[in-house]
Amino acid sequence: MPVSLSISHEIAAALRTDILSGRYKQGDRIPSERDLASRFGASRGAVREGFSQLEQLGLIRILPGGARVQAIEDASLSILRPLLELEEVPDPMLVDQFLETMGALASLTAKSAVVKATPTQLNQLQAMVEELAKDTTDFESMQPQWREFLLYMADIADNLVVRLISNDLRSQFLEHMMNLGIKPDIKKRTAAKTLSVMSASLMARDSDMAAIAIQSHFDDIRVAAMDAINAKLAVLTRKVG
């Protein structure tokens, strides 16, 4: 990567953090190109490129009088991971909103997939559920199988918009949570019940039941994720104390 691009990414990342952490609020004017060039020891061209990256994220708007901060709600999905990374433990409300959204998308995908699936595809989905049911004790180890199952349903549903949004959300969330050591603990009995309902929905080709099973899975993750985050916060609190 050329040095100028590397510096522009550094500038954009630093200003992004400043905005997301509230140092610069909606409507605030970002420091001038000259001031930022001095701060980062960079050229004004590198600063302009950094501004361009932030504008693409929807965090700022470049106006004749300078760059001004936009509302976070108007930004792109790409700021989700930086938001999660602001603190040592991610914002519980943000995590819950993410899982709620993922659950809704996955439920929609499941409903469509069961309607569109060929007999061969239904058999393959059933086989994947049976594999998942063999080990329902470790959330982390089950993730690759769940991911494969959900992606296969997305392929069958053939909804490109849902697929792209889901891919973006997953890539920004799951890996980060695991790296932080925040691993939801879903009880074996709960997971087994969800998979039993999913299996029954496939045998009956019942799209509503399939949607309910997937929604139930994500609801369980939401509860377990909050427990895991609270446990992590308790550990950090004890260390500080």
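Checking each residue in the stretch 75-97 for being surrounded by 13 or more Cβ atoms within 10 Å (Cβ to Cβ), in contact with a Leu (Cβ under 8 Å, 6 or more places away or on another chain) and of a type in the set (D, E, K, R) picks out only D91.
With respect to (1) over 28 Å from L180 (Cα atoms); (2) in contact with a helix residue (DSSP H, G or I) (Cβ under 9 Å, 6 or more places away or on another chain); (3) in contact (Cβ under 8 Å) with a residue 40 or more places away in the chain, the lone exception for R68 is condition (2). Does any residue of the stretch 17-31 turn out to be under 25 Å from S166 (Cα atoms) and in contact (Cβ under 8 Å) with a residue 60 or more places away in the chain? Yes - at least one qualifying residue is present in the stretch 17-31. Kindly indicate whether any position in the stretch 72-79 is outside any helix (DSSP H, G or I), under 30 Å from R23 (Cα atoms) and modelled with pLDDT of 85 or more. Within the stretch 72-79, one or more residues are outside any helix (DSSP H, G or I), under 30 Å from R23 (Cα atoms) and modelled with pLDDT of 85 or more.
Here's the yes/no breakdown for (1) more than 24 Å from R163 (Cβ to Cβ); (2) more than 16 Å from the chain's Cα centre (by Cα); (3) outside the structural domain of L233 (by TED's automatic domain parsing); (4) not in a helix (DSSP H, G or I):
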{"site": "A67", "(1), (2), (3), (4)": "yes, yes, yes, yes"}
{"site": "T109", "(1), (2), (3), (4)": "no, yes, no, no"}
{"site": "V115", "(1), (2), (3), (4)": "no, yes, no, no"}
{"site": "T120", "(1), (2), (3), (4)": "no, yes, no, no"}
{"site": "S141", "(1), (2), (3), (4)": "yes, yes, no, no"}
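Set side by side, the residues G45, G50, G103 differ, and just one is buried (at least 18 other Cβ atoms within 10 Å of the Cβ), of a type in the set (G, A, S), outside the structural domain of S216 (by TED's automatic domain parsing) and outside any loop (DSSP other than H, G, I, E, B), which is G50. Just one of the listed residues (R189, R163, R205) is at pLDDT 90 or above, in the same structural domain as E100 (by TED's automatic domain parsing) and among the charged types (D, E, K, R), namely R205.
The values are calculated or read from the model by the stated rules, or taken from the named source; none is laboratory data. All values reported here derive from a predicted model rather than from experimental measurement. Cβ sites come from the backbone with ideal geometry, for glycine too, and all protein chains shown count toward neighbours.
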